[in-house]
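S.K.: The structure that follows is given in the form of structure tokens.
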Amino acid sequence: MTTYLLVHGAWHNGQAWERVVPWLVSAGHEVFTPSLTGYGDKAHLLGPEVGLDTHVDDIVGLIVEQDLTDVVLVGHSYAGLVISSAANRVPDRIAELVYLDAMVPNDGESAADIMPVTQTLIDLATKSDSGWRVPPLPEMPPPAGLFGVTDPADVAWLRTMLSDQPVRCLQQPVRLDNPDAHKIPRTHIHCTVRPDGFERRPVPAVQPNGTPAQVWELPTGHDCMITRPAELAELLLRLG
């Protein structure tokens, strides 16, 4: 049995993984899909003090409280920052890091450093009435859609789980100063349908642990857990 811990990205909540979970569970594995502070069942905790460190605490706290080991830690989008920092704190409990169409940081980087377009969202938020709320990105014409989702029914469902992101999440830097974390194997899963202006950093040919990079692709938009759940689960099961 493998333990999968699936971490949602900005603006989403744990419900985003609903279509993937049955495929993993039916294969005999354990799956956790927590909502980060400020989302889903923790929406009432949303506030300007919530940042990247808050979300790292969420994941590390779950791992320790549940005494999870050999975890396949999957981070979607913004959660690439979350899983990187979480692995830095509890590397002995992580079997694999999976960056799912995710930001992949270096030590000391924030979301704005990795994806400069994020700075525009930060600037708009700090000048807004709230001073800290970053609303979800707007729906765009196909194939970009709403986070890569274009089916009208799926778009409607996705809207029910979206909420604002605190600007602090995009400003706080990751901490990657634990050499043991560099030993953890990594897998990158890229969604190939991307809107203009959202460039992805190339994956280095050699990963931090010295092994060749492992990069897989899914021919779909950003929220592949909604649009291609079976195909995503099939890739994740290769790691189990």
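S.K.: Starting from the amide H of Ala95, placed 1.01 Å from N in the peptide plane, find each other amide H under 5 Å away whose residue is 5 or more places distant or on another chain.
M.R.: Amide H to amide H, under 5 Å and 5 or more residues apart or across chains, Ala95 pairs with Asp70, Val71, Val72, Leu73.
S.K.: Output wanted: per-residue J couplings in Hz (rounded whole) for region 129-145, from phi through Karplus 6.51 cos²θ - 1.76 cosθ + 1.60, θ = phi - 60°, x for Gly and Pro.
M.R.: 4, 6, x, 8, 8, 10, x, x, 4, x, 5, 10, x, x, x, 5, x
S.K.: Where the centroid of each part is defined by its Cα atoms, how far is region 1-67 from region 100-143 in Å?
M.R.: When both Cα centres are located, 20 Å separates them.
S.K.: Highest GNM mean-square fluctuation, the chain, Cα pairs closer than 10 Å: which of Val64, Val155, Val134?
M.R.: Result: Val64 has the largest fluctuation of those listed.
S.K.: Now, a different point. Between Asp196 and Val155, what is 0.36 nm times their sequence separation minus the Cα-Cα distance? Round to one decimal in nm.
M.R.: That pair, Asp196 and Val155, stretches by 12.8 nm at full extension.
S.K.: Out of the GluC sites (Glu not before Pro) in region 1-51, which ones are loop residues according to DSSP with at most 15 other C-beta atoms within 10 Å?
M.R.: Qualifying residues, ordered by number: Glu18, Glu49.
S.K.: Oh, and also: Taking 0.36 nm per residue of separation and subtracting the Cα-Cα distance, what length does fully extending Leu124 through Leu62 add?
M.R.: 19.0 nm
S.K.: Divide, for region 20-76, the radius of gyration over alpha carbons by 2.2 N^0.38 Å, where N is the residue count. Intermediate values should be presented prior to the final figure.
M.R.: Details: Rg = 13.1 Å, N = 57, 2.2 N^0.38 = 10.2 Å.
Cα-based Rg divided by the globular estimate yields 1.28.
S.K.: Please give the per residue volume of the convex hull enclosing the alpha carbon atoms of region 123-240, rounded to a whole number of Å³. Could the numbers behind the result be given before it?
M.R.: Working: hull volume 17.8 nm³, N = 118.
In region 123-240, the Cα hull volume divided by residue count equals 151 Å³.
S.K.: Antiparallel as a % of all DSSP beta bridges within the chain, to the nearest 5?
M.R.: 15
S.K.: Rounded, prolate or oblate: pick one for region 96-185, where a ≥ b ≥ c are the square roots of the eigenvalues of its C-alpha gyration tensor, a/c under 1.5 means rounded, and failing that, prolate if a/b is larger than b/c, else oblate.
M.R.: Here region 96-185 falls in the oblate category.
S.K.: Based on the alpha-carbon gyration tensor of region 165-210 and its eigenvalue square roots a ≥ b ≥ c, which shape applies: rounded if a/c is under 1.5, prolate if not and a/b is larger than b/c, or oblate? Write out the running numbers ahead of the final one.
M.R.: Working: a/c = 2.80, a/b = 1.19, b/c = 2.35.
It is oblate, given that a/c is not under 1.5 and a/b is not larger than b/c.
S.K.: Filter the trypsin sites (Lys or Arg not before Pro) in region 137-240 to those in DSSP coil with at most 15 other Cβ atoms within 10 Å of their Cβ, and list the result.
M.R.: The qualifying sites are Arg200, Arg238.
No lab work stands behind these numbers, since they all come straight from the coordinates. Fair warning: this is a prediction, and the values are worked out from it, not measured in the lab. Using ideal geometry, Cβ is built from the backbone for each residue, glycine included, and neighbour counts are taken over all protein chains shown.
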